[in-house]
Amino acid sequence: MQHHTIRLAHKPGAALAVSTYFPPEGAPSAAKSLLVVFLNGLVMPRVEWFPTISRLVATQKAAKFDTPALLCYDRYGQGDSEHDPGDRQQDEPYGHTALQVVEDLHQLIKIITVEHMKKDPKRVALMFVGNSIGCALARLYAQDYGHTDQVKNTEAYLFLDSMMANTDFVSLFPDPDDEDFYALHDLPDGISMKDVLHARRQFTAQFHPDVPNPEHFDRRNLPKLLPDADQPLLRPNPTAGEEPYLVVIGHDPAVFSKKCEEGSLNVPARVIDAFVNPAWREYNEGLTRLVIMDYKVEYKIAHGAGHFIQKDSPEWVAKEIDQLIFKTTQTIHEQSHHEQIDDNETEDERGDEDDLVLSVGSKSP
């Protein structure tokens with residue numbers, strides 16, 4: 001991959017750290033008409049995608065399959081990127097919002113397609129590979145730009161343990177301070193009120209949307225932006241065709257629980273198994289309903305992987321991306337074939353019209 005910096009026109013005061021890969025000149029048009037965009041979680045910068053990407057390129061090279069254009073980047077304030085110049089004060093906890101992040105992403109995609117791929121953005125299909133909050137950003141991108149004439153279409157989504165965008169995480173656990181707690185909640189065997197209180201404190205301190213982060217990424221309005229796991233639908237661009245492919249991959253519940261118990265969160269695995277894993281599974285199942293056509297949707301568990309699936313299982317993720325790229329490039333090839341037929345039919349119709357005009361306009365000898 002090539003590593004460089006890019007300054008967006010609407011934020012020239014700061015540079016984004018970007019890594020890209022582009023197919024060779026002789027690659028098929030389908031490979032040169034697809035851009036795969038990797039979207040980071042909060043604490044995993046773009047370098048965490050590199051092991052997956054190196055395995056992906058090697059796998060496709062061995063199969064004599066041309067890898068399409070790839071883009072991964074650090075958001076403002078993340079990894080090697082500079083802080084967002086639009087944030088008021090760097091010592092303030094909250095800065096740019098999710099919608100501003102999506103606008104930045106859109107501008108970056110336009111730069112990559114126009115200046116690096118030398119293509120009209122309307123002629124480049126997109127595929128999003130996201131982890132954690134990156135999945136929520138992909139959904140917001142589809143909501144804000146997927147129905148416009150500024151992009152061609154997003155042909156595929158790969159969600160790696162999407163964050164539950166509609167929760168504050170603390171509410172996953174019953175609240176012992178609720179006056180109806182004892183009437184409404186019967187704690188599972190082996191879980192005490194002390195366990196629940198400890199879990200609520202830990203999740204409040206680490207995962208609540210109010211918790212600041214080094215990016216100054218203000219997440220407080222995410223539950224309002226994406227209140228439902230299964231809405232709004234990932235509709236195709238009006239000028240495109242079918243719905244996109246969607247692969248939803250969840251963490252291994254046992255591995256996730258163990259990491260929560262042994263890591264800095266320090267919440268017993270039994271508590272995670274009782275309250276968090278079931279809610280996350282339900283959320284992932286909701287995500288699968290974002291696309292209506294069943295044959296375009298898959299739901300899988302990344303066995304042996306925790307929340308950061310691309311870090312725990314890079315080779316397995318590379319295979320999932322490889323399979324999705326293959327399906328997507330097939331779709332692009334078919335679309336290109338149909339467009340060519342339509343163009344030829346249009347030319348034939350114009351030729352018939354011209355012949356008719358000449359016939360009507362000519363005089364008999």
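The values are calculated or read from the model by the stated rules, or taken from the named source; none is laboratory data. In this text the structure is predicted, and so the values were computed from the model without any measurement. Please note: Cβ atoms are built from the backbone with ideal geometry, for glycine as well, and neighbour counts cover all protein chains shown. Surface areas here come from the heavy atoms of the whole protein model, side chains and all, with no ligands, DNA or RNA. Shrake-Rupley method; radii C 1.70, N 1.55, O 1.52, S 1.80 Å.
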Residues (of a type in the set (D, E, K, R) and in a loop (DSSP other than H, G, I, E, B)) located in region 250-283: D252
Extreme residue, nearest to S257 (Cα to Cα), among residues of region 297-312 that are of a type outside the set (A, V, I, L, M, F, W, C) and surrounded by fewer than 22 Cβ atoms within 10 Å (Cβ to Cβ): G306
Test set (1) of a type in the set (A, V, I, L, M, F, W, C); (2) within 30 Å of V211 (Cα to Cα); (3) part of a loop (DSSP other than H, G, I, E, B) - V101 fails condition number: (3)
Selection count, region 117-145, where residues are part of a loop (DSSP other than H, G, I, E, B) and open to solvent by 10 Å² or more (accessible area, probe 1.4 Å): 5
Qualifying residues in region 85-108 (those that are among the acidic types (D, E) and at pLDDT 95 or above) - the one most open to solvent (accessible area, probe 1.4 Å): E103
Residues being in contact with a strand residue (DSSP E or B) (Cβ under 8 Å, 6 or more places away or on another chain) and either surrounded by fewer than 16 Cβ atoms within 10 Å (Cβ to Cβ) or at pLDDT 95 or above (or both) - total across region 218-237: 2
Subset of region 53-84 (residues that are outside any helix (DSSP H, G or I) and loosely packed, with under 14 Cβ neighbours inside 10 Å): A63, K64
So Y21, is it modelled with pLDDT under 95, open to solvent by 50 Å² or more (accessible area, probe 1.4 Å) and of a type in the set (S, T, Y): no
Some residue of region 286-301 being outside any helix (DSSP H, G or I), of a type outside the set (F, W, Y) and closer than 17 Å to T52 by Cβ: yes
Test set (1) over 25 Å from C260 (Cα atoms); (2) in contact with a Ser or Thr (Cβ under 6 Å, 6 or more places away or on another chain) - M163 fails condition number: (1)
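So which of F203, F169, F207 ends up being open to solvent by less than 10 Å² (accessible area, probe 1.4 Å) and over 17 Å from the mean Cα position of the chain (by Cα)?
Criteria check complete, one pass: F203.
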F169, sole failed condition from (1) farther than 22 Å from I309 by Cα; (2) at pLDDT 90 or above: (1)
Residues of region 238-271 classified as closer than 30 Å to P93 by Cβ and touching a strand residue (DSSP E or B) at 6+ places or on another chain (Cβ under 8 Å), total: 1
For E179: the one exception among (1) crowded, with 16+ Cβ neighbours inside 10 Å; (2) without any contact (Cβ under 8 Å) to a residue 40 or more places away in the chain: (1)
Count of region 279-296 residues which are open to solvent by 30 Å² or more (accessible area, probe 1.4 Å) and over 25 Å from M44 (Cβ atoms): 5
